[in-house]
Amino acid sequence: MGADTKEMQFVYDFINHLSDAVILADSDNKITAVNEKFKLLYGFEHVQAGRSVTDLLMLHHERNEGTLITNNGVMPVEIKRGALPVYEEMYHYFVFQQQPAIIPSTQEPLLKTIMNLVPDFIGIKDGDGRFVFANDFVGELFDLKGYSFTGKTDADLAVIRPFYREVFEYCIETDEQVWQTKEIVRCDEYVPAKDGGLRFFDVYKIPVFNPDGTRKNLLVFGREVTEKIESRVLLEESEARYRLLAEHSMDMITTHKPDGTYTYVSPACIALLGRDPEEMIGKTGYGILHPDDKEASLKGHEQLMSGPSSCIVQFRLKHKEGHYVWLETSCNSITDEEGQVTEIIGVTRDITERKKSEEILRQSDKLSIVGQLAASVAHEIRNPLTSLKGFIQFIQENEHLDASQFYKIMDKELNRIDQIMSQLLLLAKPQAKLFKETSINDLLLFVETLLQPEAVVQNIKIETDLSEELPLIKVEENELKQVLINLVKNAMDAMEDGGTIHIKGEVQDNKIQLSIKDEGCGIPAECLKRIGEPFYTTKEKGTGLGLMVSTKIMKEHRGNLEFDSVEGEGTTVRMILPLT
């Protein structure tokens, strides 16, 4: 039986005079009346009697706070509640006072619009885990486009969308962890996609507490990082594949910090240097580098540090057993977005056997030159020998002759023979490499002296125009002699009818440039392209080693050879060497 109509009217009149918003409900929490203040403040022109209070109000754990669902959205409120007896019936009253909103009411429409435009997950939950706000992205993510999440918990959503049950259960678990830690938590969460894949999110969960320490709101922000995660997975898979290749490669693969410190060394290090990779990591290779190769290595490193670049360096490192191993490293420098070098990658292989083969070829080329000079040298030696033989016979036939007057002439002829033989031995004898400050003028003088006898026989004149200001440069003297002899000898061979060889030396662009110009037959254009190839020659009795070895020597000196030729007019070869 309902309460007396007159008494109820009295109650209605009473609550309409209150300045606070009031809901009056029966013992089953069904709404029987609301006052005018409630209608005015919260946008309700008419509230249907019989609706459950929980349709409009979400009570929090602490029971004196809650969230009111209004026509204009949600609103945090402070609640005072109690029981009111009316004519043998017990009614419940709820008195509301508005609390400061998470989003000020004047800005709420604008901010909601902005949050709905953001392609990120944005959700706000109350202290009981019920959604107070969820942007449009959340609805699209869980296939609930246009659905109102307000008042729903993750457990409710797991029932509505069982496909995402595991996701919602995981959210319940991590939400509770955030409340317990009372700190902002960053975590990775994933959501299954309809196509069978996964969508990954970088999620921040921020707990908000009331002044008394009770739970108020949980702010959840999630940014999709699926592409980033997939790229990272692909990168990890790629790194795993390349590491597998590196682990089984015959070449030693290394990575370095910008200062050269090893950060990774492949197992091939054991075969190359007899050292475990762990011995190398954290160190540079300079501690076991051959002293003569330090300058070349430092220049290679300087080139790599200039920006994203590559270089090939040959050097020797000490084997664990004490001997040095010839190595060749191909290096690449990696830079960041600002152009700063962050890493150096190297691939290193043993070139000891190659070096031995090159040395054999060089020696073979030297012996070939000696053989070619043999006739002219024999002629040059025969002249002083003939003089010596004549003096000896003359002295023998004149026993009482004072021979002292002839000794000076005989000594001069013997010195001439000794000089010629010394030059040949110096050219042919294998010698240890020694880079030192050397005069280019002295090298040319040596070569001119050595080849002058043969030039005279072939009616060839050698003219030099050398700048007195040519500076000393650090080179391997005997190797550059070999190059010069090869080039001048080639010029002589090209001039069957004699002529003049012009040799000029000067400094251009911080480099020494020596040009050797002949008046020979010239080189056809199709042959000029192949100059320097192993065993390629245009001579009838040539070996094809001379220019190949010369080109190799020039590269080791960081220089090069350039050829210009016109058939019927002659050839000009330029030796270019850096000053530093």
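The values are calculated or read from the model by the stated rules, or taken from the named source; none is laboratory data. Since we're looking at a predicted model, the values are computed, not measured. Using ideal geometry, Cβ is built from the backbone for each residue, glycine included, and neighbour counts are taken over all protein chains shown. These accessible areas exclude ligands, DNA and RNA; they are computed on the full protein's heavy atoms, side chains included. Shrake-Rupley method; radii C 1.70, N 1.55, O 1.52, S 1.80 Å.
A few remarks follow.
- Flag for residue 23 being assigned to a strand (DSSP E or B), of a type outside the set (Asp, Glu) and either modelled with pLDDT of 85 or more or open to solvent by less than 20 Å² (accessible area, probe 1.4 Å) (or both): yes
- Verdict on residue 532 being modelled with pLDDT under 75 and at negative phi: no
- Of all residues making up the range 245-279, the number that are surrounded by 15 or more Cβ atoms within 10 Å (Cβ to Cβ), within 21 Å of residue 299 (Cα to Cα) and out of contact with any Phe, Trp or Tyr (no Cβ under 8 Å at 6 or more places or on another chain): 3
- Of the listed requirements (1) modelled with pLDDT under 80; (2) hydrophobic (A, V, I, L, M, F, W, C); (3) open to solvent by less than 50 Å² (accessible area, probe 1.4 Å); (4) over 16 Å from residue 516 (Cα atoms), residue 451 misses just one: (4).
- Between 229, 172, 253, the distinction of being part of a helix (DSSP H, G or I) and under 30 Å from the mean Cα position of the chain (by Cα) belongs to 229 only.
- Note on the range 553-575: residues that are open to solvent by 20 Å² or more (accessible area, probe 1.4 Å) and assigned to a strand (DSSP E or B) total 9.
- Selection of the range 562-580 for residues being touching a Gly at 6+ places or on another chain (Cβ under 9 Å) and in contact (Cβ under 8 Å) with a residue 60 or more places away in the chain yields 570, 571, 575, 576, 577, 578.
- Residue-level analysis places residue 278 among those that are part of a helix (DSSP H, G or I), of a type outside the set (Ser, Thr, Tyr) and at pLDDT 90 or above.
- Failed item, numbered, when residue 434 is tested on (1) more than 27 Å from residue 491 (Cα to Cα); (2) open to solvent by less than 50 Å² (accessible area, probe 1.4 Å); (3) modelled with pLDDT of 70 or more: (2)
- Of residues in the range 131-161 being in contact (Cβ under 8 Å) with a residue 12 or more places away in the chain and assigned to a helix (DSSP H, G or I), the one nearest to residue 215 (Cα to Cα): 154
- Evaluating residue 201 against the criteria (1) open to solvent by 20 Å² or more (accessible area, probe 1.4 Å); (2) part of a strand (DSSP E or B) leaves one unmet condition, (1).
- Matching residues in the range 339-357 - criterion: being open to solvent by 70 Å² or more (accessible area, probe 1.4 Å) and more than 12 Å from the chain's Cα centre (by Cα): 349, 350, 353, 354, 356
- Criterion (over 27 Å from residue 214 (Cβ atoms) and modelled with pLDDT under 80) met by exactly one of 71, 64, 16, 35: 71
- Given (1) open to solvent by 50 Å² or more (accessible area, probe 1.4 Å); (2) more than 40 Å from the chain's Cα centre (by Cα), index of the condition residue 195 fails: (2)
- The range 173-192, residues that are closer than 20 Å to residue 137 by Cβ and open to solvent by less than 100 Å² (accessible area, probe 1.4 Å): 174, 175, 187, 189, 191, 192
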